[in-house]
Amino acid sequence: MKSLSDSHIAIIGLGLMGGSLAAALHGKCRVVTGIARRRETVTEALACGIIDRGTTEAHEMVGDADIVVLATPVRTILQQLHDLGPRLSDGCLVMDMGSTKTRILEAMSNLPPHVQPVGGHPMCGKELSGLAAADAKLYSGATFILSPLDRTSVEALELARTIVEVIGATPLILGGARQDQLVATLSHLPYLLACTLVQTADATTSSDPAAWQIVAGGYRDTTRVAGSDVSMMLDILATNRDAVLKSASVFRDKLDQLTSYITVQDEDGLRDLLTDSRVERQRMFP
């Protein structure tokens, strides 16, 4: 396989994640091509200088690329793998940036044998979306999960590692099912909780004009991810349904336990639970 510096990389999807990746890789590859649905997005990316070439026609461009990165919503990635696979060049490395992996890895296993697939999931982001929110430093210091298939060559995985390290992230190798189980609790459930908190605040405080004058940082911090792109989150929840539902069920039980202590005024039980939570949080983030 070619080295990263000698490679033509095509990034399909120039939103927050794809645009940030293009910005982080620009100048570190032979050519960075950006592919988006809207001509205006391509024009903006060219004007910003984060891509060397741009097009709205993925089918015409991917055949010349040494590396193709799919930075679109999960269900779009699944369709793109099916549609673009036969058009990819011999030895082409195909990566994705989807937030769920099991179904994507299944689709990657059906790619033509001349293609080298590696699943990818950067553990970072913003509540903003679109190319305007793109940031070349978005991946700096973040964990970037890589999920190779049995068919993935050592050289292809090493090239994927190089991409991750060049953009400032740290690669972590995980299988798809294991990753989906972990992110259901650590990434996808927090989104549901943030949305639920926003809905609760709307139902209980929106009629009082003082509410937004006294809102504190805790509310802002815990609801931040509720501002995430809805289409992206719908795809995530649809493709990681079982794991998300399992985590939500456990959360419901834990919340019921906590509120039961309040209901019966069991201060000792409540203190123990809150103390355990505080100690665990400090252990996670010393």
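The values are calculated or read from the model by the stated rules, or taken from the named source; none is laboratory data. Please read these numbers as outputs of a predicted model, since none were measured by experiment. As a convention, Cβ positions derive from the backbone with ideal geometry for all residues, glycine included, and neighbour counts pool all protein chains shown.
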Do the conditions hold for Val244, that is, is it within 29 Å of Asp96 (Cβ to Cβ) and either outside the structural domain of Ala184 (by TED's automatic domain parsing) or at pLDDT below 95 (or both)?
-> no
Could you grab me the full set of residues in region 54-109 that are in contact (Cβ under 8 Å) with a residue 40 or more places away in the chain and either polar (S, T, N, Q) or not assigned by TED's automatic domain parsing to the domain that holds Ser20 (or both)?
-> Thr72, Thr76, Gln80, Ser99, Thr100, Thr102, Ser109
Residues (hydrophobic (A, V, I, L, M, F, W, C) and modelled with pLDDT of 95 or more) located in region 247-286 | Ala248, Val250, Phe251, Leu255, Leu258, Ile262, Val264, Leu270, Leu273, Leu274, Val279
Flag if Thr43 is within 29 Å of Ala238 (Cβ to Cβ) and of a type in the set (S, T, N, Q) = no
Which fully enclosed helices (runs of 4 or more DSSP H) of region 156-258 have 3 or more residues being surrounded by 13 or more Cβ atoms within 10 Å (Cβ to Cβ)?
-> 176-183, 189-205, 217-223, 230-239
The condition of being among the acidic types (Asp, Glu), under 28 Å from Asn110 (Cβ atoms) and not assigned by TED's automatic domain parsing to the domain that holds Ala226 holds, among Asp135, Asp150, only for Asp150
Please enumerate the residues belonging to region 118-137 that are under 18 Å from Met232 (Cα atoms), over 11 Å from the mean Cα position of the chain (by Cα) and either in a helix (DSSP H, G or I) or at pLDDT 95 or above (or both).
-> Gly119, Leu131, Ala132, Ala133
Candidate set from region 56-75 (those that are of a type outside the set (A, V, I, L, M, F, W, C) and out of contact with any Gly (no Cβ under 8 Å at 6 or more places or on another chain)); member that is surrounded by the fewest Cβ atoms within 10 Å (Cβ to Cβ) = Glu57
Yes or no: His8 modelled with pLDDT of 95 or more and closer than 12 Å to Val166 by Cβ?
-> no
